[in-house]
Amino acid sequence: MLDVPQQDGWIGRAVERVEDAALLTGRGRFMDDLGTRPGTLHMAILRSPHAHADILGVDCATAGALPGVEAVLTGADIARLTTSLVVGVKAPVSCWPMAVERVRYVGEPVALVVARDRYVAEDALDLIEVRYATRAAVVDPLAAMDDGAPLLHDGFPRNTASDRSFRYGDPEGAFAAAARRVSIAVHYPRNSCTPIETYGLVAEYDPGEDAYDVLANFQGPFSIHAVISRALKVPGNRLRLRTPPDSGGSFGVKQGIFPYIVLAAVAARVAGRPVKWIEDRLEHLMASVSATNRATTLTAAVSADGRVSALDWDQVEDCGAHLRAPEPATLYRMHGNLTGAYDIAHVSVRNRVVVTNKCPTGLNRGFGGPQVYFALERLMQRIAVELGLDPLEVIRRNLVPAASFPYRTAPGALLDSGDYAGTLEAGIAEGGLAALLARRDAARAEGRLYGIGYAAAVEPSVSNMGYIATVLTPAERRKAGPKNGAQATATVSIDPVGSVSVHVASVPQGQGHRTVLSQVVADAFGLTPGEIRVNTEMDTAKDAWSIASGNYSSRFAAAVAGAAQIAAGRLAGRLARIAASQLNVPPDEVVFAGGKLSARSNPANALAFSRVAALSHWSPAQLPDGLAPTIRETAFWTPPELTAADEEDHINSSLCHGFIFDYCGIEVDRDTGEIRIDRYVTAHDCGTILHPGMVDGQIRGGFAHALGAALLEEYAYGPDGSFLTGTFADYLLPTATEVPDPVIIHTQTPSPFTPLGAKGVGEGNCMSTPACLANAVADALGVADIRLPLVPSGVAALIQGEERAAPPDAKPRGGAPKAAGAKGEKLMRGEGAAQVRAAPEAIWAMLLDPKTLEAIIPGAHGVEKISDTHFRADVTLGIGPVKGRYRAEVTLSDLDPPRAVTLGGKVEGNLGFGGGQGRITLTPDGRGGTEVAYVYEAFVGGKVASIGGRLLDGAAKVIIGQFFAALARRAGGAAGTTPRPGLLARLLSLFSRTPKEGGR
Amino acid sequence: MPRLSAEGRHAVAFTLNGRAVDGVAEPRMLLSDFLRHVIGATGTHVGCEHGVCGACTVEVDGMLTRACLTLAVQVEGSAIRTVEGLAPAPDRLSVLQAAFRRHHALQCGFCTAGILMSLDAFLKATPRPDEAAVRDLLSGHLCRCTGYTPIVRAALEAAAELSATQEETAHA
């Protein structure tokens, strides 16, 4: 715990949180903990198994007839009842919350069901029949801009939604004059901070007033309120948006619930009853929202001693299948900060925004910072390597000097305050860099792979609501009207017994806002935090709010807590005047302390706070002349520094700028490629610290997220757009055994621009830590091209080179017919055998008999014989958490009765699709029985493909075992199976298309 | 266990934190849904419904159990403990809960119920764990807010406090 010198008041003290007692005892009130009105229906969503396909037809009749189902809606209904969500660039493109005519990513909503409970709603999803015609997909942002790449939206030629270039200073001149030019190309992967509570909402529609009432664990920004009401075709005052008392984490992610608010609101309108939806985890991973992945080429003009004079940025931002509000904000959030912590006068930028067949992107902790700093700080390390300098020296030589604050960066950010060199040196001294360098020397002397990485970062907070407009040209901006500022609101109320309540529109998701506000307001009134009651629930129909309201861009401490102080301060000023008249002293002689208002010179001359505070209720006539009552005060605060982008595209994208200097020592296991973090030091200057425990909590939490992004996490897609990391067994989050305790060091340079001197602190490590760890790995291995996440297999390839292909004679997999139709889907191969106590002829007859097949194929509801060699089957299979119905078409070929047959087929269901071919051979075992051997190759795509290898393998083995057991039973004898990698999988691959051997 | 009909609804009765509770469930209903939406014990949270995140961890007949991987009908006649049963009184916190509050071992508090259940059982079985053992135990839980270290510290401090109390009791 940070040791901050005790101050006079409560601000700066690590008081226990008021939130915790309820949360620790199971009395939290999260979205799904709240009751619903009687008659509330539950929504489930049918999602696309294809990354890119035309919807030929959706048949909802059977689903709609299921008892308990109240409504089924498709994209056509949504298009009829709503207006497209706004798109953040000028282009003839729409953005629907449910696919209209075409699906563009795996998991895109295709239909929804509302029913009496979630179980029935999900039953009904199985009964919806969707016919697709698949299209080629594109997942790589650079490939998406190629000639002839599959086009997602006609209004985005070359899949490019925006292409803007910027020039600040004289970058050409600086490059021409520079001694050296150092360049780096990086690919920042997709990931998400995945809050443990998923999206949840209840929506209701009042036809009498044409008004919607939505309770959702949305996090803001409330600029999105306007997007939702526009989509629902009502004015803002007919969309009441409320938030529950508690929210189970967000990290930006719950901004992305808004398309579902539109869907549920429409569903409630159609069904005539409230509709509730709680997203499940598989939906969340596949289709909630993601950070952007970005391909960046960054070049520096450098002097021989490592001083950078110019940067040239070329950023290609991948926003997924739709440009959803507020994108392309991820790309522009850092625009003023493209020079990082460095004094670099000349900058050129080319920013392109592309769409690909992946989940649309949105807010995620760090929001643009991880992408920028990974490129910039990797570049600084490369400069050191290429110039033969100490990387720490390169950082030092380029830092913005302490004497130059407030410092205007070349692209327009106004760095408010700091002592970057001072914080860096404090980090070096207190964090023990010298000892770490010695450890590296010792480790290397023993031949171990040990590296040290550094990263410096400026952490922006309190976003300028106008920065997103930088994506528009100055002419377009003039037409759209000016956008700027960052309105924060806070209301302080005093009730008739003089007790104090606070309300803010900050929508916390665990950051302890209620505790900090109780400290801030207690100080204003000379009370204790325990005497202040804080409410952070949000209700757009009753509360003070604005577009900037919400919990993002680390704006709470800097902006919202300050607004609360301003509101409390205004009330205190009026209370002082009331007390002054009764104490017979001037108002500035009134002191608030210990629950009393007293005369500074004579503390015995005092009034109880509650008595003075309640006067406006009980006896307004006694208020001094002209004094407004003290019942309620709402403060709106927006910093004047946050101006709109100017004609030359300068933009002060954020109000506050904290500073971070990180370094770490890591060791790479030469054999496994595993990375062990020996020591991680993170030095922060986030201005005035309001609550040391919470500041450290934000740093530790951000560090853990960043560690996951650096070492484990990636939203991975197959080349066909299949989503490959659809469970927490595949999308690996760091656990307590992977996250070390970082050494945290603080310096405090108050911000001159915020009421309390505080700056944001929640996102910085998401920006600095991935680059710092990557620099350490680069140092350990002496390699230049580092790609995240640094999973052991990737690191091992850096050490040992790419894995060699198996020699051609190694392990013949021969005999398996080639699976048809694979376009980069997850391929599986397998083979195996089973013993059955029946003659080949008997088994042959069984395999060709639909009644027998129906009885022995696990999950088969019906096998229909179309011809002697063509069967149609309907099966239900569960693989891990994904259970679904599939339709299978099976054909038999190369019949060699009773010795061998090739089965081929395709399966399709709402959870996925697949196909394959396999050959079964029947060999008499000489004892009256038969050895049934098979070999197959199959592919899967869609949701099922996102279930990881372990689950699929396990499920396939179980299903195959069941098939053989049933076959043996049916044949009248016990069976033994030989679980070689596959088994009857190939049969299943045909009938059910779950098998999965050979992995992805 | 009696044979259940997939279409039918079945009475399920058990004790929850020492008190008898009952309700009716389809055989497919998850224990997590039953606890939360039928019984109304919403302290147990659902984070992934595939057994990885650990938020729904409860104790069934003394065994730590993922409520999202258990069917309600499976716990007929069992004794179940949940986060609602950890505090000694409504206005007091257990030693472990109080340590969590002191160390800021929770932020959003959504994963906390499951972590408390696991640590409560663990500290009974392992009164004096070292940090590595606590981290190993916690590896069955996902927390996105805290970075885990404050949880580890809270657990170690609670362990020390609990074993000191037990020693006092033993010496008395």
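The values are calculated or read from the model by the stated rules, or taken from the named source; none is laboratory data. Note that the coordinates shown come from a computational prediction; the quantities given were computed from them, not determined experimentally. Neighbour counts run over all protein chains shown; Cβ positions are idealised from the backbone, glycine included. SASA here: full protein model, heavy atoms, side chains in, ligands and nucleic acids out. Shrake-Rupley method; radii C 1.70, N 1.55, O 1.52, S 1.80 Å.
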### Query
For residues in region A:211-231 being free of Cβ contacts under 8 Å to residues at least 40 places away in the same chain and in a helix (DSSP H, G or I), which is surrounded by the fewest Cβ atoms within 10 Å (Cβ to Cβ)?
A:SER229
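Select from region A:122-152 the residues that are touching a residue at least 24 places away in the same chain (Cβ under 8 Å) and assigned to a loop (DSSP other than H, G, I, E, B) and list them in ascending order.
Step one: of region A:122-152, the residues touching a residue at least 24 places away in the same chain (Cβ under 8 Å) are A:122-142, A:144-145, A:150, A:152.
Passing the criteria: A:ILE128, A:ARG135, A:ALA136, A:ALA137, A:VAL138, A:VAL139, A:ASP140, A:MET145, A:PRO150, A:LEU152.
Can you find, within region B:105-119, the residue that is nearest to the other protein chains (Cβ to nearest Cβ) among those that are assigned to a helix (DSSP H, G or I) and either in contact with a strand residue (DSSP E or B) (Cβ under 6 Å, 6 or more places away or on another chain) or within 16 Å of B:LEU162 (Cβ to Cβ) (or both)?
Pass one, region B:105-119, residues assigned to a helix (DSSP H, G or I): B:112-119.
From what is left, the residues that are either in contact with a strand residue (DSSP E or B) (Cβ under 6 Å, 6 or more places away or on another chain) or within 16 Å of B:LEU162 (Cβ to Cβ) (or both) are B:114, B:116-119.
Numbers: B:GLY114: 9, B:LEU116: 7, B:MET117: 10, B:SER118: 11, B:LEU119: 11 Å.
This residue is B:LEU116.
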### Message
Which of the numbered conditions does B:ALA159 fail, given that it passes all the others? Conditions: (1) within 10 Å of another protein chain (Cβ to nearest Cβ); (2) over 15 Å from the mean Cα position of the chain (by Cα).
### Response
(1)
### Summary
Scanning region A:589-615 residue by residue, the ones that are touching a helix residue (DSSP H, G or I) at 6+ places or on another chain (Cβ under 8 Å) and small (Gly, Ala, Ser) total 6
### Summary
When region B:93-104 is checked residue by residue, the ones that are more than 9 Å from chain A (Cβ to nearest Cβ) and open to solvent by 40 Å² or more (accessible area, probe 1.4 Å) are B:VAL95
### Query
Take the residues of region B:28-50 that are assigned to a loop (DSSP other than H, G, I, E, B) and open to solvent by less than 20 Å² (accessible area, probe 1.4 Å): which is nearest to the other protein chains (Cβ to nearest Cβ)?
B:GLY43
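Return the residues of region A:237-253 that are touching a residue at least 40 places away in the same chain (Cβ under 8 Å) and surrounded by fewer than 22 Cβ atoms within 10 Å (Cβ to Cβ); say none if nothing qualifies. Let's see the steps before the verdict.
First, the residues of region A:237-253 that are touching a residue at least 40 places away in the same chain (Cβ under 8 Å): A:237, A:239-253.
The answer is A:ASN237, A:ARG240, A:ARG242, A:PRO245.
What tally of residues in region A:311-321 results from selecting those that are assigned to a loop (DSSP other than H, G, I, E, B) and touching a helix residue (DSSP H, G or I) at 6+ places or on another chain (Cβ under 9 Å)?
Here the count works out to 1.
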### Query
Which ones in region A:240-281 are hydrophobic (A, V, I, L, M, F, W, C) and within 11 Å of another protein chain (Cβ to nearest Cβ)?
A:PHE251, A:VAL253, A:ILE278
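If you take the residues in region A:831-878 that are in a helix (DSSP H, G or I) and open to solvent by 50 Å² or more (accessible area, probe 1.4 Å), which one is nearest to A:GLU931 (Cα to Cα)?
A:GLU841
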### Task
Tell me, yes or no, whether region A:32-53 has at least one residue that is within 14 Å of another protein chain (Cβ to nearest Cβ), of a type in the set (Lys, Arg) and surrounded by fewer than 20 Cβ atoms within 10 Å (Cβ to Cβ).
no
### Task
Can you give me the number of residues within region B:80-89 that are more than 8 Å from chain A (Cβ to nearest Cβ) and either among the charged types (D, E, K, R) or open to solvent by 20 Å² or more (accessible area, probe 1.4 Å) (or both)?
4
### Query
Taking the condition more than 14 Å from chain B (Cβ to nearest Cβ), among the β-branched types (Val, Ile, Thr) and in contact with a Pro (Cβ under 8 Å, 6 or more places away or on another chain), does A:VAL234 pass?
no
### Query
Looking at region B:63-71, is at least one residue at the interface with chain A (Cβ under 10 Å from one of its Cβ atoms), modelled with pLDDT of 95 or more and open to solvent by 20 Å² or more (accessible area, probe 1.4 Å)?
yes
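Taking A:ASP305 as the residue in question, decide whether it is open to solvent by 10 Å² or more (accessible area, probe 1.4 Å) and of a type outside the set (Val, Ile, Thr). Break it down into steps so the answer makes sense when it comes.
Working: open to solvent by 10 Å² or more (accessible area, probe 1.4 Å): yes; of a type outside the set (Val, Ile, Thr): yes.
It is true that A:ASP305 is open to solvent by 10 Å² or more (accessible area, probe 1.4 Å) and of a type outside the set (Val, Ile, Thr).
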#### Entry: Any chance A:VAL400 is free of Cβ contacts under 8 Å to residues at least 60 places away in the same chain and open to solvent by less than 10 Å² (accessible area, probe 1.4 Å)
yes
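One line per residue, one yes/no per condition, for (1) in the same structural domain as A:LEU282 (by TED's automatic domain parsing); (2) touching a strand residue (DSSP E or B) at 6+ places or on another chain (Cβ under 7 Å):
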| position | (1), (2) |
| --- | --- |
| A:ARG47 | yes, yes |
| A:CYS95 | yes, no |
| A:ALA115 | yes, yes |
| A:ILE128 | yes, yes |
| A:LEU151 | no, no |
## Note on the structure
Over region A:477-515, the set of residues open to solvent by 10 Å² or more (accessible area, probe 1.4 Å) and within 30 Å of the chain's Cα centre (by Cα) is A:ARG477, A:ALA480, A:PRO482, A:LYS483, A:ASN484, A:GLN487, A:HIS503, A:PRO508, A:GLY510, A:GLN511, A:ARG514
## Note on the structure
Checked against (1) touching a Gly at 6+ places or on another chain (Cβ under 8 Å); (2) open to solvent by 10 Å² or more (accessible area, probe 1.4 Å); (3) part of a helix (DSSP H, G or I), A:SER518 satisfies every condition except (2)
### Residue that is most open to solvent (accessible area, probe 1.4 Å) [pool: residues in region A:521-543 that are out of contact with any His (no Cβ under 8 Å at 6 or more places or on another chain) and among the aliphatic types (A, V, I, L, M)]
A:ALA541
### Task
Hey, could you check region A:701-734 for residues that are open to solvent by 10 Å² or more (accessible area, probe 1.4 Å) and either more than 18 Å from the chain's Cα centre (by Cα) or acidic (Asp, Glu) (or both) and say which is modelled with the highest pLDDT?
A:GLU714
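Suppose the filter is modelled with pLDDT of 95 or more and within 16 Å of A:PRO411 (Cβ to Cβ); does A:ALA345 pass it?
Working: modelled with pLDDT of 95 or more: yes; within 16 Å of A:PRO411 (Cβ to Cβ): yes.
Criteria met by A:ALA345.
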### Query
Only one residue in A:VAL394, A:VAL385 is open to solvent by 10 Å² or more (accessible area, probe 1.4 Å), β-branched (Val, Ile, Thr) and outside any loop (DSSP other than H, G, I, E, B), so which one is that?
A:VAL385
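Any residue at all in region A:474-497 that's touching a residue at least 60 places away in the same chain (Cβ under 8 Å), in a loop (DSSP other than H, G, I, E, B) and hydroxyl-bearing (Ser, Thr, Tyr)? Give the steps one after another, and end with the answer.
To start, the set of residues in region A:474-497 that are touching a residue at least 60 places away in the same chain (Cβ under 8 Å) comprises A:474, A:476-477, A:482-497.
Subsequent filtering for residues that are in a loop (DSSP other than H, G, I, E, B) retains A:482-487, A:495-497.
From what is left, the residues that are hydroxyl-bearing (Ser, Thr, Tyr) are none.
For region A:474-497, residues touching a residue at least 60 places away in the same chain (Cβ under 8 Å), in a loop (DSSP other than H, G, I, E, B) and hydroxyl-bearing (Ser, Thr, Tyr): absent.
Within region A:199-210, which residues are of a type outside the set (A, V, I, L, M) and in contact (Cβ under 8 Å) with a residue 60 or more places away in the chain?
Going through region A:199-210, the residues of a type outside the set (A, V, I, L, M) turn out to be A:199-200, A:204-210.
Result: A:TYR199, A:GLY200, A:GLU204, A:TYR205, A:PRO207.
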### Task
Give me a count of the residues in region B:120-138 that are open to solvent by less than 60 Å² (accessible area, probe 1.4 Å) and within 12 Å of chain A (Cβ to nearest Cβ).
6
### Task
Pull up region B:105-119, narrow it to residues that are closer than 30 Å to B:PRO27 by Cα and without any contact (Cβ under 8 Å) to a residue 60 or more places away in the chain, then point me to the one that is surrounded by the most Cβ atoms within 10 Å (Cβ to Cβ).
B:THR112
